[in-house]
Amino acid sequence: MSIRERAGKPRSLRLAGGRVIDPASGRDAVGDLYLHEGKVADPAQFPHVQWEEIDVRGKIVAPGLIDVHVHLREPGGSHKETIRTGTRAAAAGGFTSIVAMPNTKPVADGTNTIAWLRQRIEADALVNVYPTGCISQGMAGEALAPIGSLKKAGVVAITDDGHCIQNNDLMRRALEYAAMFDLPLLDHCQDYALTADGVMHEGYWSTVLGLRGWPSLGEEIIVGRNAMLAEKTGATILCQHLSSAGSVRILREAKKRGIPLHGEAMPHHLLLTDATVQGYDTNFKMNPPLRTEADRQALLEGVADGTIGVLASDHAPHALFEKEVEFDRAPFGIIGLETELAVFAQALIEPKVIDWPTLVSRLTIEPARVLRLDQLGKGSLALGGDADVTVIDPSLEWVVDAAKFESLSRNCPFDKMPLRGRAVLTIVGGEIVWRL
C-alpha cells in the first residue's frame, strides 16, 4: 500500500479495460477512461499525448467518492485526527472529496476559523476538503452564527453536528437564511429531553445490560419537525445519520410530497444492531446508537427505494485513552473512512439490496447534488470535469486491521472483520494519491 503526497503536474492516464460506472450520465460499460491535465479527457482531442496506461480490467472505475460527514478534529483535537491524517484515511478509503464538520475547538462559527481551515487544507490535505460552518454561535443553540459571512468565507453547508437546535423558532430562522444563501443545512436529529443521558438504544438490550436508553422517538420527533420546517421555508435539509424505522417512514412521506428533506445513512447502522453492545465494547457506542434488527431492515429498505439518497461515514476519531473507559463515560463515535466502502458492500451489495451502480450513485452524484458539489465539478466523469476517480476491486477479500490505518485513531467496530470489496486506486485532480 502506498500514499503519495499531491505535488507536481497531473499525469496523462489511460485507465484501461475497467467497468466505468458514472451514474450522473448513466454510463455503465467496459471501456477506457482518459485523464489529462487534471481533467477527464477525450483522447481524440489530444492525438500527440503519450498516455500512461493502468490496467483496471475486472475493476470498477467510478467518479471520485464523496463523504459528506467527516470529523477531522483540527483545530483543537489533533491528538485524535488532523487534516493531514484524516485526508490520508479518506484517500485510502477511496474518497476524493470530504465535507468537514465544524465541531472543532474552537468551533467553526466565524470567518476567522474558516479562513484558518482553508489555509490548512491547502497546505495539508491529500483530497478535496469542503468546510461547513455552525448554525449557531458557539454551537450553543441560542443565537444564529453569521450565516451569510460563513457562505462568503467558503462553507458548503451549515450544521451544528454533534448538537441539535432545540429552539424551533431559531431553527426556522436558520433555514430562512440558509435558503437565502442557497446553503443546505445538515441536522443532527436529537431531542435532548427524550434522550437525556442515554448511551445506547432504549429497548431489550439496554434493559439487560443495565445501560441508560436513547429512544428512537428522540430522533423521529426532530425528523418530523425538519420535514415541516423544510416545507415552510423551502430550505434543503439533510437529516444526518438516520437510525430508526420511524425516521425512514417520515422521510419517505416528505419526499413523496416534494419537500426538500433528505436522509443520510451510515455503514454501522446498516450492518450492526444493538445486540453487538453485549460486550460493553465502547467501539460500538455512537450517536445515534445502534438500534434493532427491525430498524436496520427499515434503513435497508429506505436505501433500496431511494428514500435515503446519501451514504456517509460519520468518521469520528477518538484517542485510545478516551474510549478505554466504562461504557457510560466513553465518548460517542467511531472511525469509518477506511472501512466505509467495504461495509456498505457487505450490508447492501452482498444481500442484493442494491447493485454497484446504485451504491456508486449514493457515494457520488447524489450527495454532490444535495450539497451543491456538482456545481464544483464533483460527482461525475463528465468530459472536461475534474479528474477525481476511484478504482474499486469489488471481489478483493481483505481483513480489517485497524492498527495499520492511516487515521490517527483506532476506534473501529469492524477491526478483524473479513470484508470484500475495496478501493485500490484513488486519483485526485489527475494525481494518484493512493494505490493498493
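Odds and ends about this structure:
- Segment 120-134 - phi-based ³J(HN,Hα) in whole Hz, Karplus 6.51/-1.76/1.60, Gly and Pro as x: 5, 4, 4, 7, 10, 6, 8, 10, 5, 10, 10, x, 10, x, 6
- Counting lysine pairs in segment 64-376 that sit 8 or more residues apart in sequence, or on different chains, and whose Cα atoms lie under 19 Å apart gives 6.
- Segment residue 320-residue 193, extension gain: residue separation times 0.36 nm, minus the distance between their alpha carbons: 42.7 nm
- Normalised contact order of segment 313-376, rounded percent, pairs of Cα under 8 Å and 6 or more residues apart: 23
- Exposure proxy order (Cβ contacts within 10 Å, fewest to most) of 205, 398, 434, 51: 398, 51, 205, 434
- DSSP beta bridges confined to the chain are antiparallel in about 50 percent of cases.
- Gyration tensor verdict on segment 64-376 (Cα atoms; rounded if a/c is under 1.5, prolate if a/b is larger than b/c, oblate otherwise): rounded
- Segment 159-315, relative contact order in percent, only Cα pairs under 8 angstrom and at least six apart counted: 22
- Considering helices alone, the calculated mean residue ellipticity of the chain at 222 nm is -8000 deg cm²/dmol, with DSSP H runs of length four and up weighted by -39500 (n - 2.57) and normalised per residue.
- Here the simple spin-label model places points 7 Å from the Cα toward Cβ, and for residue 232 and residue 169 these points are separated by 1.1 nm.
- For segment 42-74, backbone nitrogen atoms closer than 18 Å to the point 7 Å from residue 420 Cα along Cα-to-C-beta are found at 58-60.
- Average Cα contact separation per residue, the chain, under 8 Å, 6 or more apart, as relative contact order %: 21
Only the coordinates and a few stated rules stand behind these numbers; no lab work does. This one's a predicted model, so the numbers in the text were calculated from it and none came from an experiment. Cβ sites come from the backbone with ideal geometry, for glycine too, and all protein chains shown count toward neighbours.
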